[in-house]
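Colleague: Below you will find the structure I want to go over with you.
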Amino acid sequence: MIRAKKSLGQNFLSDAQVARRIVESVSPQATDIILEIGPGTGALTMLLLERSGYVVAIEIDRRLIDELRHELSAKNLLIVEADALAIDWNDLIKEAINSWRELRGSQSAEPRVRIVANLPYYISTPIIERLMSLRGRLFDLTLMLQDEVVDRITSKPGTREYGYLSVLVQFHAEATKLFEVSPSAFKPAPKVQSAILHLIMRERPVVEVSDERKFFALVGAAFAQRRKTILNNLKAAAAALNFKQPIDAALRSAGIEPQRRAETLSLAEFGALHRALYES
């Protein structure tokens, strides 16, 4: 048995019943390409291979890669040694689609590209940010995350958990918490509860904005100090964000009271504020 590396945040899924439940929730089809981040010891990989058209397992730990290559042999499997934060996702998706077509024939219809991942808790947010940037390439994502992170992502305006990550994900995807997973399902057992998050990528963002980079910079600034009002947080960021309109006037135009806090603003209100600050 390979020992988990604490430095990589490894907790290997060891409960076969939980693994089957996750794969059932994914419901892979022969027309699907599954990109699995962090296959670990292969608990999900083996089940995904049985039902998916093609599986790309992305792993950073050479010990696990050697074990997976020894244990798993299938024409529809590609094991890639890479860091999920550094890999070129567009190139990987293109390679996976080409390989899938070679197996099924060049005239096959366009496959669905789907993510399945057991993400290390300490890097889950930056990986999610990377994956959200692939909105036009991905069909959906099924992610194992820390329970409180799932609650943050799926939270609504006006709640304590609602924040930048909530806006980021809900802008790009429909988010649903599927079920919780006990620490006992892993070896070694983590000190926190886990949960399964399902994200269906939107064809279009939930709100239309002229510049997504500026939009998320604005959202980040709005949540910079949660106890401060939206007015004060925007004033602190004004020089860096180079607003085209005065903050007070933009808030009035967007119908937002200056004394509100960012956690009370809906995605539609953030979109209206972006337009008021950056468009004439």
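Colleague: Restricting to the stretch 215-247, give me the number of residues that are over 20 Å from residue 152 (Cα atoms), of a type outside the set (A, V, I, L, M, F, W, C) and either open to solvent by less than 70 Å² (accessible area, probe 1.4 Å) or assigned to a loop (DSSP other than H, G, I, E, B) (or both).
Modeller: Counting residues in the stretch 215-247 that are over 20 Å from residue 152 (Cα atoms), of a type outside the set (A, V, I, L, M, F, W, C) and either open to solvent by less than 70 Å² (accessible area, probe 1.4 Å) or assigned to a loop (DSSP other than H, G, I, E, B) (or both) gives 6.
Colleague: Mind listing whichever residues of the stretch 68-94 are closer than 24 Å to residue 43 by Cα and either basic (Lys, Arg) or open to solvent by 80 Å² or more (accessible area, probe 1.4 Å) (or both)? Before the answer, list the steps.
Modeller: Within the stretch 68-94, the first condition is being closer than 24 Å to residue 43 by Cα, and the residues that meet it are 68-85, 87, 89, 92-93.
Selection gives 69, 70, 71, 73, 75, 81.
Colleague: Do the conditions hold for residue 259, that is, is it over 27 Å from the mean Cα position of the chain (by Cα) and either modelled with pLDDT under 95 or open to solvent by 40 Å² or more (accessible area, probe 1.4 Å) (or both)?
Modeller: Working: over 27 Å from the mean Cα position of the chain (by Cα): yes; either modelled with pLDDT under 95 or open to solvent by 40 Å² or more (accessible area, probe 1.4 Å) (or both): yes.
Judged against the criteria, residue 259 is a match.
Colleague: What do you reckon, is residue 169 in a helix (DSSP H, G or I) and over 19 Å from residue 222 (Cα atoms)?
Modeller: Answer is no for this residue.
Colleague: Among the listed residues 173, 195, identify the single one that is within 24 Å of residue 43 (Cβ to Cβ) and under 15 Å from the mean Cα position of the chain (by Cα). I'd like the intermediate steps shown before the answer.
Modeller: Working: 173 fails: within 24 Å of residue 43 (Cβ to Cβ).
After ruling out the rest, the residue left standing is 195.
Colleague: Take residue 148 and tell me if it is under 30 Å from residue 30 (Cα atoms), open to solvent by 10 Å² or more (accessible area, probe 1.4 Å) and in contact (Cβ under 8 Å) with a residue 12 or more places away in the chain.
Modeller: Numbers: under 30 Å from residue 30 (Cα atoms): no; open to solvent by 10 Å² or more (accessible area, probe 1.4 Å): yes; in contact (Cβ under 8 Å) with a residue 12 or more places away in the chain: yes.
Here the answer is no, as residue 148 does not meet what is asked.
Colleague: Checking the condition under 15 Å from the mean Cα position of the chain (by Cα) and either over 21 Å from residue 32 (Cα atoms) or hydroxyl-bearing (Ser, Thr, Tyr) (or both), which residue from 128, 115, 123 passes?
Modeller: On the way: 128 fails: either over 21 Å from residue 32 (Cα atoms) or hydroxyl-bearing (Ser, Thr, Tyr) (or both); 115 fails: either over 21 Å from residue 32 (Cα atoms) or hydroxyl-bearing (Ser, Thr, Tyr) (or both).
Within the list 128, 115, 123, the selection yields 123.
Colleague: Between a residue in the stretch 3-29 that is at pLDDT below 90 and any residue that is of a type in the set (Asp, Glu), which pairs come within a Cβ distance under 8 Å, given they are 6 or more apart or on different chains?
Modeller: If the second residue must be of a type in the set (Asp, Glu), the pairs left are 5/61; 8/61; 10/61.
Colleague: Please go through the stretch 165-181 and pick out each residue that is touching a Ser or Thr at 6+ places or on another chain (Cβ under 9 Å) and open to solvent by 50 Å² or more (accessible area, probe 1.4 Å).
Modeller: Within the stretch 165-181, 176, 177, 178, 180 qualify.
Colleague: Among (1) polar (S, T, N, Q); (2) closer than 24 Å to residue 90 by Cα; (3) open to solvent by 10 Å² or more (accessible area, probe 1.4 Å), where does residue 142 come up short?
Modeller: For residue 142, the exception is condition (3).
Colleague: What residue, of 235, 228, 177, 187, is touching a residue at least 12 places away in the same chain (Cβ under 8 Å) and touching a Phe, Trp or Tyr at 6+ places or on another chain (Cβ under 7 Å)? It would help to see each step written out before you state the result.
Modeller: On the way: 235 fails: touching a Phe, Trp or Tyr at 6+ places or on another chain (Cβ under 7 Å); 228 fails: touching a Phe, Trp or Tyr at 6+ places or on another chain (Cβ under 7 Å); 177 fails: touching a Phe, Trp or Tyr at 6+ places or on another chain (Cβ under 7 Å).
187 is the lone residue from the list that is touching a residue at least 12 places away in the same chain (Cβ under 8 Å) and touching a Phe, Trp or Tyr at 6+ places or on another chain (Cβ under 7 Å).
Colleague: Just the residues that are hydrophobic (A, V, I, L, M, F, W, C) and surrounded by fewer than 21 Cβ atoms within 10 Å (Cβ to Cβ), please, taken from the stretch 24-47. Outline the logic, then answer.
Modeller: Residues of the stretch 24-47 hydrophobic (A, V, I, L, M, F, W, C): 26, 30, 33-35, 37, 43-44, 46-47.
The answer is 30, 46, 47.
Colleague: Check the stretch 123-132 and report whether any residue there is without any contact (Cβ under 8 Å) to a residue 40 or more places away in the chain, farther than 21 Å from residue 203 by Cα and among the small types (Gly, Ala, Ser). Quick ask: steps written out before the conclusion?
Modeller: Quick first cut of the stretch 123-132, residues without any contact (Cβ under 8 Å) to a residue 40 or more places away in the chain only: 124, 129.
Subset that is farther than 21 Å from residue 203 by Cα: 124.
Checking the rest, the ones that are also among the small types (Gly, Ala, Ser) come to 124.
Within the stretch 123-132 (the criterion being without any contact (Cβ under 8 Å) to a residue 40 or more places away in the chain, farther than 21 Å from residue 203 by Cα and among the small types (Gly, Ala, Ser)), the answer is yes, since at least one residue qualifies.
Colleague: On to the next question. Has the stretch 185-208 got at least one residue that is small (Gly, Ala, Ser), touching an Asp or Glu at 6+ places or on another chain (Cβ under 9 Å) and open to solvent by 10 Å² or more (accessible area, probe 1.4 Å)?
Modeller: Checked the stretch 185-208: no residue is small (Gly, Ala, Ser), touching an Asp or Glu at 6+ places or on another chain (Cβ under 9 Å) and open to solvent by 10 Å² or more (accessible area, probe 1.4 Å).
Colleague: Please state which one of 137, 152, 130 is part of a helix (DSSP H, G or I) and under 23 Å from residue 95 (Cβ atoms).
Modeller: Among 137, 152, 130, only 130 is part of a helix (DSSP H, G or I) and under 23 Å from residue 95 (Cβ atoms).
The values are calculated or read from the model by the stated rules, or taken from the named source; none is laboratory data. Owing to the predicted nature of the structure, the values given are computational and were not obtained by experimental measurement. A quick note on method: Cβ atoms are made from the backbone with ideal geometry, for glycine too, and the neighbour counts reach across all protein chains shown. These accessible areas exclude ligands, DNA and RNA; they are computed on the full protein's heavy atoms, side chains included. Shrake-Rupley method; radii C 1.70, N 1.55, O 1.52, S 1.80 Å.
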